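J.: Input: one structure, supplied below.
The values are calculated or read from the model by the stated rules, or taken from the named source; none is laboratory data. Remember, it's a predicted structure, so these values are computed and weren't measured experimentally. Reconstructed Cβ throughout: ideal geometry from the backbone, glycine too, with neighbour counts over all protein chains shown. The area values use the complete protein model at the heavy-atom level, side chains included, leaving out ligands, DNA and RNA. Shrake-Rupley method; radii C 1.70, N 1.55, O 1.52, S 1.80 Å.
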Amino acid sequence: MKTIMGKTEWVDRVQVWTGAKKKDIQPILEAALDAVAEALAEGEDVRLIGFGAFRVRHMDARDYRSPQTGEMVHAPAHLAVRFTPSKMLTDRLNRK
């Protein structure tokens, strides 16, 4: 079974790698995530060299059939975030 790394586990890893205090890491992590979220909310792309890019895409309204009930469902137009991993991250995941 795959585990999920939440903010607490992320702070723990950063603490191990840097030796910094957890109480110092938490606000920095929160500020970094807030900066990314704010930039995306303003329609900006966020590119983290060596990691990947976050982009906001407009999704048109559409109707689809629910696989559970078979009835038609309407999905309104909305914005969605798409992540594209960098080549470096992809290579790391594939151990190249």
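J.: For Ala53, are the conditions met, namely being part of a strand (DSSP E or B), open to solvent by less than 60 Å² (accessible area, probe 1.4 Å), aliphatic (A, V, I, L, M) and closer than 25 Å to Lys7 by Cβ?
T.: Values: part of a strand (DSSP E or B): yes; open to solvent by less than 60 Å² (accessible area, probe 1.4 Å): yes; aliphatic (A, V, I, L, M): yes; closer than 25 Å to Lys7 by Cβ: yes.
Here the answer is yes, as Ala53 does meet what is asked.
J.: Scan the stretch 56-66 residue by residue and report those that are polar (S, T, N, Q) and surrounded by 10 or more Cβ atoms within 10 Å (Cβ to Cβ).
T.: From the stretch 56-66, those polar (S, T, N, Q) are 66; that's our starting set.
Residues satisfying the conditions do not exist here.
J.: Looking only at the stretch 72-96, filter to residues that are of a type in the set (D, E, K, R) and part of a helix (DSSP H, G or I); which one of those is most open to solvent (accessible area, probe 1.4 Å)? Give the derivation first.
T.: Going through the stretch 72-96, the residues of a type in the set (D, E, K, R) turn out to be 82, 87, 91-92, 95-96.
Keeping just the survivors that are part of a helix (DSSP H, G or I) gives 87, 91-92.
Details: Lys87: 144, Asp91: 36, Arg92: 177 Å².
Among those residues, the one meeting the criterion is Arg92.
J.: Could I ask something else about it? In a loop (DSSP other than H, G, I, E, B), open to solvent by 50 Å² or more (accessible area, probe 1.4 Å), β-branched (Val, Ile, Thr) and farther than 23 Å from Arg13 by Cα: does that describe Thr69? Don't jump to the end; show me each part of the working.
T.: Working: in a loop (DSSP other than H, G, I, E, B): yes; open to solvent by 50 Å² or more (accessible area, probe 1.4 Å): yes; β-branched (Val, Ile, Thr): yes; farther than 23 Å from Arg13 by Cα: yes.
When the stated conditions are applied, Thr69 passes them.
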